[in-house]
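Notes follow once the structure below has been shown.
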Amino acid sequence: MKLIFLGPPGAGKGTQAQLLMHDLNIPQISTGDILRKAIREMTPTGVIAKGYIDRGELVPDDVVIAIVRDRLQEKDCENGYILDGFPRTVPQAEVLDTIVEIDAVVDFELPNEEIINRLSGRRVCPKCNSTYHISRLDGDTCPGCGEKVIQRKDDMPETVLNRLEVYEKQTAPLIAYYKNKGSLRVVDCTGQQVEGVYAEVRKVLGINA
Ligand code: AP5
């Protein structure tokens, strides 16, 4: 299955992608994770991306498109993948259309109040990439690998507000774009636990329990 996970920052795209990738045995391709790794390793792409990410703005289309184009050539993409956070602009979606035919686009909906609560409490493990909410953590170490969890710089309150504005202006138009193509599946995440959202994701994708 070739899937796109769409939705505002903090809607739970990454959390759900991690669950589905294990069940379907296909990779999660998170442009955010790839860009953060490039920043940590100080590659030329990372140097370009850092300022944009820290401000909560989108990294230029040509940079992100080049990353995805390369990643989709890798062997583990042969049987499908979950594009998590790509495309994020109409030009990105138009280029993707020339590369692959997507099976379905899952749009995760969540009101802004819940997004702000989730992102302000999010902690991530810099080693194994797991994501947690502080309310579910006992201390400040990753339950998975024991590394000290950190707060993403772009999860600071002012940056989150900017990310929400950027989402409305530049990414939300993709909802109509994919609706017109007939590939959009909507999941309302409001007040739902991770497991409840996951059941809904499987349902809209027609994956049997
Ligand atoms: P990216 O890393 O993609 O960030 P994002 O889309 O803003 O998404 P998030 O990772 O913040 O949230 P999520 O929806 O994955 O939620 P999560 O599962 O973590 O991008 C970062 C930056 O990179 C962008 O701002 C941009 O600069 C750049 N970039 C990336 N892609 C780009 C592109 N294509 N073009 C241009 N620039 C690009 O969950 C959030 C929190 O909620 C966690 O704490 C989690 O534990 C918790 N949670 C999840 N589900 C639930 C639930 N059901 N109930 C309660 N808590 C939950």
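Structural remarks
- Just checking the listed ones, Glu101, Glu109, Glu57: in the Gaussian network model of the chain with Cα springs under 10 Å, the one fluctuating most is Glu101.
- In this structure, Gln151 and Glu57 have a Cβ-Cβ separation that, at R0 = 25 Å, corresponds to a calculated FRET efficiency of about 0.85.
- Order of exposure, largest accessible area first, which applies to Ser135, Ser183, Ser120 with probe 1.4 Å: Ser135, Ser120, Ser183
- Cut-off 17 Å, label 7 Å out along Cα→Cβ of Ser120, residues of the range 137-163 by amide N: 151-163
- Anisotropy class of the range 34-116 from Cα gyration tensor, a/c 1.5 cut: oblate
- Note on the chain: GNM, Cα springs under 10 Å; of Leu58, Leu96, Leu137, the largest mean-square fluctuation is that of Leu137.
- Per-residue ellipticity at 222 nm computed for the chain from its helices equals -13500 deg cm²/dmol, with DSSP H segments shorter than 4 residues left out and the rest contributing -39,500 (n - 2.57).
- Separation of alpha-carbon centers, the range 118-150 and the range 153-171, rounded to whole Å: 21
- With DNA, RNA and ligands ignored, accessible area of Thr15 (1.4 Å probe; Å², nearest 10): 60
- Extension gain (nm, one decimal) between Leu72 and Thr131, 0.36 nm per residue minus Cα-Cα: 18.8 nm
- Judged by the ratio a/c of the largest to the smallest principal axis of the C-alpha gyration tensor, the chain counts as rounded, that ratio being less than 1.5.
- Of the residues Cys128, Ile116, Val95, the one whose Cα sits farthest towards the positive end of the charge dipole of the range 91-150 is Cys128 (charges of +1 on Lys and Arg Cβ, -1 on Asp and Glu Cβ, taken about the Cα centre).
- Taking all protein chains together and rolling a 1.4 Å probe, Ile102 ends up with roughly 30 Å² accessible.
- Set Lys169/Lys203; Lys13/Lys50; Lys75/Lys153; Lys50/Lys148; Lys127/Lys169; Lys13/Lys75 screened for pairs whose C-alpha atoms are more than 31 Å apart: Lys75/Lys153; Lys127/Lys169
- Most fluctuating residue given options Cys125, Cys145, Cys189, as computed from a GNM of the chain linking Cα atoms under 10 Å: Cys145
- With every protein chain in place, the chain: carbon and sulfur % of accessible area (1.4 Å): 51
The values are calculated or read from the model by the stated rules, or taken from the named source; none is laboratory data. Small disclaimer: the values here were computed from a predicted structure and weren't measured. Every residue, glycine among them, receives a Cβ derived from its backbone with ideal geometry; neighbour counts consider all protein chains shown. Accessible surface areas use protein heavy atoms only, side chains included; no ligands, DNA or RNA. Shrake-Rupley method; radii C 1.70, N 1.55, O 1.52, S 1.80 Å.
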